[in-house]
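**Q** Here it is, the structure in full.
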Amino acid sequence: MFMNIDLHCHTNISDGVLTPNQLIALAIERGVDMLSITDHDTLDAYSIINSVPPQLQLIPGIEFSSQWRKQGIHVVGLNIDLSNEVIINAVSQQSDGRKRRAEKIAYKLKRLGFDNSLEGVKSFAGSHIGRPHFAQYLVQIGAVKNMNEAFKKYLGAGKAGDIKDEWADLKTVVGWIHQAGGVAVLAHPKKYNLTRTKLVDLISDFCEAGGGAIEVISGLQIPSVTRDLAGLCNKFNLLASCGSDFHAPDRKWAALGMVSQLPDGCIPVWEHWS
Ligand code: AMP
Ligand code: MN
Ligand code: MN
Ligand code: MN
């Protein structure tokens, strides 16, 4: 039986645009059967959600930022116990790191001639400030044409605003998720633009750290990428996850509840829960 499953998406608590309740409503409208809200380094969405109708299974989740060999890597934690003390402390540590990081980004931007960016960002962002908020600010003041240009010039990998030293390392993050009873999922493995050797090293370090799954499907992707990720998933005996990485309704390549099915041969991460 076909199940509509989306295990990676964001609300306006982090860098998405819908409120948690709006996101749940959209998921129902799209016929999603199983959903995980995975905001960046925060679980706050889960305390805001009013009620979830019985046709939707909501899996408690998070997307942690981590560092691995000077590279920012995202790890999704699925089916975690929201009341677990380790995860609560972890989120608070990452939140503090995110605040310090926002100050560092603002300092770097100031050196490039953009004064008071943090004040600007705070005028529209909530308490979980990320690079997309700085990108939005740079668009607002006319420094760049769009978010993509902001990342390309100022915030993306290797640029001034790419500050990762506030994040816990990959192993620690995977450990937190385990201790909270969840499965650690390597998010969007192809989006880090790693060489083949590095990608294989990353997956193998992730497995060694106790990682349990990789996202074989992340948003709209070409079949060859799906085949490659399914191959890596099986080679490393990992479970497979899938998610849209939805942030906003206008991003057609990351549409909520429109995730392709996992290829045959992959063992779904939800096999243990449903
Ligand atoms: P942060 O959590 O602050 O490191 O911000 C990372 C987020 O920035 C990602 O989750 C994406 O939502 C967003 N992002 C990354 N690259 C781009 C880009 N080129 N254009 C727009 N948003 C991006
Ligand atoms: Mn994001
Ligand atoms: Mn991510
Ligand atoms: Mn994401």
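**Q** Could you grab me the full set of residues in segment 1-54 that are more than 13 Å from ligand 2 (Cβ to nearest atom), surrounded by 23 or more Cβ atoms within 10 Å (Cβ to Cβ) and of a type outside the set (A, V, I, L, M, F, W, C)?
**A** Passing the criteria: Asp6, Ser36.
Residue-wise test of (1) polar (S, T, N, Q); (2) within 21 Å of Gly161 (Cα to Cα); (3) within 16 Å of ligand 3 (Cβ to nearest atom).
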{"site": "Met1", "(1), (2), (3)": "no, no, no"}
{"site": "Asp6", "(1), (2), (3)": "no, no, yes"}
{"site": "Pro20", "(1), (2), (3)": "no, no, no"}
{"site": "Pro54", "(1), (2), (3)": "no, no, no"}
{"site": "Ile59", "(1), (2), (3)": "no, no, no"}
{"site": "Phe64", "(1), (2), (3)": "no, yes, yes"}
{"site": "Ile87", "(1), (2), (3)": "no, no, no"}
{"site": "Ser95", "(1), (2), (3)": "yes, yes, no"}
{"site": "Arg98", "(1), (2), (3)": "no, yes, yes"}
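**Q** In this structure, is Ala90 surrounded by 16 or more Cβ atoms within 10 Å (Cβ to Cβ) and either closer than 30 Å to Ala180 by Cβ or basic (Lys, Arg) (or both)?
**A** Yes; evaluated as a whole, the condition is true for this residue.
**Q** Can you tell me which condition Tyr154 does not meet? The list is (1) touching an Asp or Glu at 6+ places or on another chain (Cβ under 7 Å); (2) within 26 Å of Arg251 (Cα to Cα), and all the others hold.
**A** Condition (1) is where Tyr154 drops out.
**Q** Let me ask you something else. Out of all the residues in segment 189-197, is one or more loosely packed, with under 15 Cβ neighbours inside 10 Å, closer than 30 Å to Ala106 by Cα and away from ligand 2 (no atom under 16 Å from the Cβ)?
**A** yes
**Q** Across segment 61-87, what is the total count of residues that are crowded, with 21+ Cβ neighbours inside 10 Å, in a strand (DSSP E or B) and of a type outside the set (S, T, N, Q)?
**A** Residues in segment 61-87 being crowded, with 21+ Cβ neighbours inside 10 Å, in a strand (DSSP E or B) and of a type outside the set (S, T, N, Q): 11 in total.
**Q** Still on this structure: Failed condition for His74, given (1) over 20 Å from Ile88 (Cα atoms); (2) within 17 Å of the chain's Cα centre (by Cα); (3) within 16 Å of ligand 1 (Cβ to nearest atom), with all others met?
**A** (1)
**Q** Scan segment 187-242 for residues that are under 22 Å from Phe64 (Cα atoms) and small (Gly, Ala, Ser) and jot them down.
**A** Answer for segment 187-242, where residues must be under 22 Å from Phe64 (Cα atoms) and small (Gly, Ala, Ser): Ala187, Ser204, Ala209, Gly210, Gly211, Gly212, Ala213, Ser218, Gly219, Ala240, Ser241.
**Q** Filter segment 234-249 down to the residues that are out of contact with any Pro (no Cβ under 7 Å at 6 or more places or on another chain) and away from ligand 4 (no atom under 16 Å from the Cβ), then identify the one that is farthest from Leu58 (Cα to Cα).
**A** At the first step, the residues of segment 234-249 found to be out of contact with any Pro (no Cβ under 7 Å at 6 or more places or on another chain) are 234-238, 241-249.
Imposing the further condition that a residue be away from ligand 4 (no atom under 16 Å from the Cβ) reduces the set to 234-238.
Numbers: Asn234: 26, Lys235: 29, Phe236: 28, Asn237: 26, Leu238: 22 Å.
So the residue we want is Lys235.
**Q** Under 6 Å between Cβ atoms, at least 6 apart or on separate chains: pull out the pairs that start in segment 73-101 with a residue that is closer than 24 Å to His272 by Cα and end on any residue that is hydroxyl-bearing (Ser, Thr, Tyr) and assigned to a helix (DSSP H, G or I).
**A** Pairs that qualify, where the first residue is closer than 24 Å to His272 by Cα and the partner is hydroxyl-bearing (Ser, Thr, Tyr) and assigned to a helix (DSSP H, G or I), are Leu82/Tyr46.
**Q** If you scan segment 13-51, which residues turn out to be out of contact with any Gly (no Cβ under 7 Å at 6 or more places or on another chain), in a loop (DSSP other than H, G, I, E, B) and away from ligand 4 (no atom under 13 Å from the Cβ)?
**A** If the condition is that a residue be out of contact with any Gly (no Cβ under 7 Å at 6 or more places or on another chain), in a loop (DSSP other than H, G, I, E, B) and away from ligand 4 (no atom under 13 Å from the Cβ), then Val17, Leu18, Thr19, Asp33, Leu43, Asp44, Ile49, Asn50, Ser51 are the ones that fit.
**Q** Determine which single condition Val32 fails, assuming it passes every other condition in (1) more than 16 Å from ligand 1 (Cβ to nearest atom); (2) at pLDDT below 95.
**A** Unmet condition: (2).
**Q** Identify, from the list Val200, Val174, Val185, the residue that is β-branched (Val, Ile, Thr), within 16 Å of ligand 2 (Cβ to nearest atom) and in contact (Cβ under 8 Å) with a residue 12 or more places away in the chain.
**A** That would be Val185, the only listed residue that is β-branched (Val, Ile, Thr), within 16 Å of ligand 2 (Cβ to nearest atom) and in contact (Cβ under 8 Å) with a residue 12 or more places away in the chain.
**Q** Got a number for residues in segment 46-67 being among the small types (Gly, Ala, Ser) and more than 16 Å from ligand 1 (Cβ to nearest atom)? Steps first, answer last, please.
**A** Initially, segment 46-67 is screened for residues among the small types (Gly, Ala, Ser), giving 47, 51, 61, 65-66.
Applying the additional criterion that residues be more than 16 Å from ligand 1 (Cβ to nearest atom) yields 47, 51.
Adding up the residues that qualify gives 2.
The values are calculated or read from the model by the stated rules, or taken from the named source; none is laboratory data. All values reported here derive from a predicted model rather than from experimental measurement. Because the Cβ atoms are built from the backbone with ideal geometry, glycine has one as well, and the counts that use them run over all protein chains shown.
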